[in-house]
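Presented below is the structure to which this report refers.
The values are calculated or read from the model by the stated rules, or taken from the named source; none is laboratory data. Owing to the predicted nature of the structure, the values given are computational and were not obtained by experimental measurement. Note that each Cβ is placed from the backbone with ideal geometry, even for glycine, and that neighbours are counted across all protein chains shown.
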Amino acid sequence: MNTKIPKFFSVLLTFIILFFSVSCEDEEVQPINVRIQLSYPDDFATQQVGAGIEVTLRSTTGGNELKALTTATGEVLFEGVIPGEYQAEATQQLTAAEALTITGIFNEEMALNGSAVVDAAPSPVDGQQFDLELSGTPAGDLVFKEVYYTGVPDFYFSDQFIEIYNNSENDIFLDGLCIADIWGASGQINPNTTPTAFSNDTDHVYANSVWRIPGSGQEHVLRSGESIIIAQDGIDHTAENDNTTVDLSNADWETFNQRDDNRDVDSPAVPNLERVYFTGGFDWLITVFGPALVLFRTDDFDALEKVQVPDLPDTFSPRVKIPKELLIDTFEALRDGDSGSFKRIPAGVDAGFVFATDTYVGESFRRTLAIDQSGRKILQDTNNSGNDFERLDTPTPGVLP
Ligand SMILES: [Ca+2]
Ligand SMILES: [Ca+2]
């Protein structure tokens, strides 16, 4: 309905507006008290915020800025606030241990942030309460989303792939990102198999082979919430083997192991990673008994120490010694649930491991969902492969949990 307002009402309305404007100007502005209750999101381990977090209350029309600290119950009280619209903001820095206690999801240094509009009305003068939620994800960033290593009958393993996911809220350039498999047996495969001779070194991992995403720094962007697939061979494996469902003809990268005898396939459609260091055979086969994998970056690969494996002959290729500080993410799979003593990645870096029911069973390991933040999926990363990955009966390249 769209009728004209009769002139009488129009005049009356103007009068009312004028009256209220004048009467407001005449009133003295009464300062009020504003309480803000801080909390954590429902999917965190606790919702109870503690003491000592600074909250800023800033007038959105300029000038006025107040600061106060939370009490033991996560509340702040601002006294003598001029009524109006404010932006309330708070940041809480967490150590890895604090992050794990509070979130129950993340186990690394991170910051939680909260921001809310506070519309402080002139009344009641005492006791207007507002809520402010502190949330966030670690700045860290790239994670293994899925590792498919088991292969299918009969002894087909060329369909192996690794999927890397941007778990952060920012775009990340992948140029220079390195991926490596770590030296050491996956379990008691033969009677005389022993755990890696490096198992007492809790500060390094020892890589067999290292591949790198090419680029000068800003060529290969990975958007927040997106992933890339690295194929052993970037082809449609369903055309090669009836037991696999894996089509990698659209993979983002493949590990092409250039050899004089052309034993590896160079799919023209799929770009090749840089082969930085290689000690494998015909291709970059990651062991079907359960590999350990790491993502890392270094400005100077040549500066990394190459070391002999103790008790092996000098003719055996050295391994690349990578300090744990360079590691971005890790994945560890072992032969079975009793193979814990064969762990290759120090427990301080990756506390657990996954295992398949057998070799060539087509099972895959995918990181689980921690939070679905209105469409943006944040995957679980507690630095414990056993905790963070679930075993799937079938690989799911490109599919998020
Ligand atoms: Ca290949
Ligand atoms: Ca290729």
With the requirement that a residue be without any contact (Cβ under 8 Å) to a residue 60 or more places away in the chain, β-branched (Val, Ile, Thr) and either away from ligand 1 (no atom under 13 Å from the Cβ) or over 20 Å from residue 152 (Cα atoms) (or both), what does region 240-272 give you? 270
Checking residue 179 against (1) over 29 Å from residue 341 (Cα atoms); (2) within 16 Å of ligand 1 (Cβ to nearest atom); (3) outside any loop (DSSP other than H, G, I, E, B): exactly one of these is not met. Which one? (1)
Which residues, taken from region 336-345, are part of a loop (DSSP other than H, G, I, E, B), out of contact with any strand residue (DSSP E or B) (no Cβ under 7 Å at 6 or more places or on another chain) and buried (at least 18 other Cβ atoms within 10 Å of the Cβ)? 339
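Within region 241-258, which residues are within 14 Å of ligand 2 (Cβ to nearest atom) and either exposed (fewer than 15 other Cβ atoms within 10 Å of the Cβ) or not assigned by TED's automatic domain parsing to the domain that holds residue 364 (or both)? Steps first, please.
Just the residues of region 241-258 that are within 14 Å of ligand 2 (Cβ to nearest atom), to begin with: 248-258.
Those that are within 14 Å of ligand 2 (Cβ to nearest atom) and either exposed (fewer than 15 other Cβ atoms within 10 Å of the Cβ) or not assigned by TED's automatic domain parsing to the domain that holds residue 364 (or both): 250, 258.
Can you find a residue that is under 33 Å from the mean Cα position of the chain (by Cα) and charged (D, E, K, R) anywhere in region 94-103?
Yes - at least one qualifying residue is present in region 94-103.
In the set 283, 358, which member is part of a loop (DSSP other than H, G, I, E, B), farther than 29 Å from residue 136 by Cα, at pLDDT 95 or above and within 16 Å of ligand 2 (Cβ to nearest atom)? Walk me through how you get there before you give the answer.
Numbers: 358 fails: within 16 Å of ligand 2 (Cβ to nearest atom).
Checking each option against the conditions leaves just 283.
Of everything in region 286-315, what is touching a strand residue (DSSP E or B) at 6+ places or on another chain (Cβ under 9 Å) and in a loop (DSSP other than H, G, I, E, B)? Give them in sequence order. Full working, then the answer.
Going residue by residue through region 286-315, those that are touching a strand residue (DSSP E or B) at 6+ places or on another chain (Cβ under 9 Å) are 286-287, 289-298, 301, 304-309.
Selection gives 286, 287, 289, 290, 291, 297, 298, 304, 305, 308, 309.
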Could you grab me the full set of residues in region 273-319 that are within 15 Å of ligand 1 (Cβ to nearest atom) and among the small types (Gly, Ala, Ser)? 280, 281
From the set of residues in region 364-386 that are buried (at least 16 other Cβ atoms within 10 Å of the Cβ) and not in a strand (DSSP E or B), which is modelled with the lowest pLDDT? 382
Residue check for residue 275: more than 16 Å from ligand 2 (Cβ to nearest atom), at negative phi and touching a residue at least 40 places away in the same chain (Cβ under 8 Å): no
Consider residue 320 against the criteria (1) under 21 Å from residue 364 (Cα atoms); (2) more than 16 Å from ligand 2 (Cβ to nearest atom): it satisfies all of them except one. Which criterion is unmet? (1)
Scan region 64-84 and report the pairs whose first residue is free of Cβ contacts under 8 Å to residues at least 12 places away in the same chain and whose second residue is basic (Lys, Arg), with Cβ atoms within less than 7 Å and a gap of 6+ or a chain change. 65/58
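Go through 348, 352, 398 for me and flag whichever is assigned to a loop (DSSP other than H, G, I, E, B), of a type in the set (Gly, Ala, Ser) and closer than 25 Å to residue 225 by Cβ.
Details: 348 fails: closer than 25 Å to residue 225 by Cβ; 352 fails: closer than 25 Å to residue 225 by Cβ.
None of the other options fit; the residue is 398.
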Please go through region 104-149 and give me each residue that is at pLDDT below 80, hydrophobic (A, V, I, L, M, F, W, C) and assigned to a strand (DSSP E or B), ordered by number. 110, 111
Which condition does residue 269 not pass, out of (1) away from ligand 2 (no atom under 16 Å from the Cβ); (2) surrounded by fewer than 16 Cβ atoms within 10 Å (Cβ to Cβ), if it passes all the others? (1)
